[in-house]
Amino acid sequence: MEHGLRKRLVTGLLVLAVLAFAIWFLRPQPVLVDIGKVRTGTLEITVTEEARTRARNVYTISAPVAGRVVRSPRVVGDHVTKYETTLAILQPTMPAFIDERSRSELGATLTAAEAAIRLTEHEIRRLEAERDLAESELARAQALAQRGVLSAEKLDEAKRAADVSEHALAAAEAELEVQRNRHAAIEAQLAQPGDFDQGGNGLRELRLTAPTSGEVLRVLQESEAVVAAGTPLIEVADTSDLEIRADLLSIDAVRVEPGAPARILGWGGPPLDARVARVDPAGFEKTSALGIEEFRVPVILDLTSPQQEWQHLKHNFRVVAEITLERREDILLFPSAALFRRGDGWAVFAAEQGRARVRSVEVGLRNESFSEAVFGLADGESVILYPDERISEASRIGERGER
């Protein structure tokens, strides 16, 4: 009998163990979730866009006249000094051939100019003689006036005659200079290409100097060549005076205010401080890599970090501009990953004593990482991140890790 009792006891214990295991196995397991905290902090709404640096003032040096430019003495990256460094050397083009009719006309004009020079020279000699005579008469009049023989009126007339003769002689000499310059101009028009050698000797060489101190950005004409007036030769700029251009979508650009703070990232160094200088009043159409037509607006930023921090940045370098659109401090923040739609509003799952509780929330500012809780949550509460269909009101949850 004692053996039968022991057998029944063992059987009962086995049944109880199997029953306990079945209850444990069939019991719903808690859903493992990620947990985020509600806290007080600062929230910034920013827009991020690829941008490029550029020198504030880029100077393109062009040929002022047609001529032969020699091989460039500068290479890209050379440092230049304002008004001292020679950027290009230009030899003006040799004169073109002239036809026989024009040559005959210029020859006649040249002969007339030579005759005018001779005429003016004779006139000068005549006026010199008159001047000498007037000076002699003035000297005699002064001597007679000192002895009281000549009246003051006659002395004044002698002085006036001497002055008039002097001015007439000066005018004739100026006229002679005019005639000689006219003669030289006609001779220059008669010059033929054969009057100069192939190297352009006999023509004045032009040396174009740097309009600013800085660096050479591009050499547009490296080799020796004959160029027309206005041909771009070289570009220089002061690369220590940079600005940044970011082309924002128009829907983002309308929210940017001049003076807004910004950060410059992704350039190979630490983040730099910047400030919006201006938002251009006109946009432009651009096709994205996906073939979508977008309207973008240039936004110009000034670097406010010390120049020593970004001295390796130069013209036309790629950077990333992060512009602050709005900033609020001392507000309740929670991870944006906790949000889901509930009807026409927003809601989150709060984690309370191992259970999920639905909370309707009103959201203020929001970015990709955090959202502002206007009401519905309290500081220090925990919310479930990335909720899925396995979670509902009062669902048992287990914390995978806290963020």
- Message: Being of a type outside the set (A, V, I, L, M, F, W, C) and touching a helix residue (DSSP H, G or I) at 6+ places or on another chain (Cβ under 7 Å): is that true of SER250 here?
- Response: no
- Task: Go through the stretch 351-403 and tell me which strands (runs of 3 or more DSSP E), entirely inside it, have 1 or more residues that are closer than 22 Å to PRO30 by Cβ and in contact (Cβ under 8 Å) with a residue 24 or more places away in the chain.
- Result: 355-366, 382-385, 397-402
- Query: Within the bounds of the stretch 286-295, is there any residue that is within 17 Å of VAL320 (Cβ to Cβ), touching a residue at least 12 places away in the same chain (Cβ under 8 Å) and over 17 Å from the mean Cα position of the chain (by Cα)?
  - Reply: no
- Query: Which residues, counting only those in the stretch 67-79, are small (Gly, Ala, Ser) and assigned to a loop (DSSP other than H, G, I, E, B)?
  - Reply: SER72, GLY77
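Suppose we filter ALA108, ALA129 for residues that are under 60 Å from the mean Cα position of the chain (by Cα), under 27 Å from VAL178 (Cα atoms) and assigned to a helix (DSSP H, G or I); which single one remains? Can you show your working first?
Numbers: ALA129 fails: under 60 Å from the mean Cα position of the chain (by Cα).
Selected residue: ALA108, the only one of ALA108, ALA129 that is under 60 Å from the mean Cα position of the chain (by Cα), under 27 Å from VAL178 (Cα atoms) and assigned to a helix (DSSP H, G or I).
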- Message: Testing THR111 on (1) of a type in the set (S, T, N, Q); (2) under 30 Å from GLY230 (Cα atoms); (3) at pLDDT 85 or above, one condition comes back false. Which one is that?
- Response: (2)
- Task: Kindly indicate whether any position in the stretch 80-94 is outside any helix (DSSP H, G or I) and touching a Phe, Trp or Tyr at 6+ places or on another chain (Cβ under 7 Å).
- Result: yes
- Message: The conditions are (1) in the same structural domain as ILE397 (by TED's automatic domain parsing); (2) touching an Asp or Glu at 6+ places or on another chain (Cβ under 9 Å); (3) surrounded by fewer than 15 Cβ atoms within 10 Å (Cβ to Cβ), and GLN353 fails exactly one of them. Which is it?
- Response: (2)
- Task: Say whether the condition of being β-branched (Val, Ile, Thr), closer than 25 Å to ARG328 by Cβ and in a loop (DSSP other than H, G, I, E, B) is met by at least one residue in the stretch 277-296.
- Result: no
- Item | Filtered residues of the stretch 224-259 (kept if buried (at least 18 other Cβ atoms within 10 Å of the Cβ), closer than 18 Å to GLU50 by Cβ and hydrophobic (A, V, I, L, M, F, W, C)) | LEU242, ILE244, ALA246, LEU248, ALA253, VAL256
- For LEU272, are the conditions met, namely being assigned by TED's automatic domain parsing to the domain that holds GLY36, of a type in the set (A, V, I, L, M) and touching a strand residue (DSSP E or B) at 6+ places or on another chain (Cβ under 7 Å)? no
- Output the number of the condition that ARG101 fails; it satisfies all remaining conditions of (1) in a helix (DSSP H, G or I); (2) loosely packed, with under 12 Cβ neighbours inside 10 Å; (3) at pLDDT below 85; (4) over 60 Å from the mean Cα position of the chain (by Cα). (4)
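The values are calculated or read from the model by the stated rules, or taken from the named source; none is laboratory data. Predicted model, so just to flag it, every value in this text is computed and none were measured. Here the Cβ is made from the backbone with ideal geometry for all residues, glycine too, and neighbour counts use every protein chain on show.
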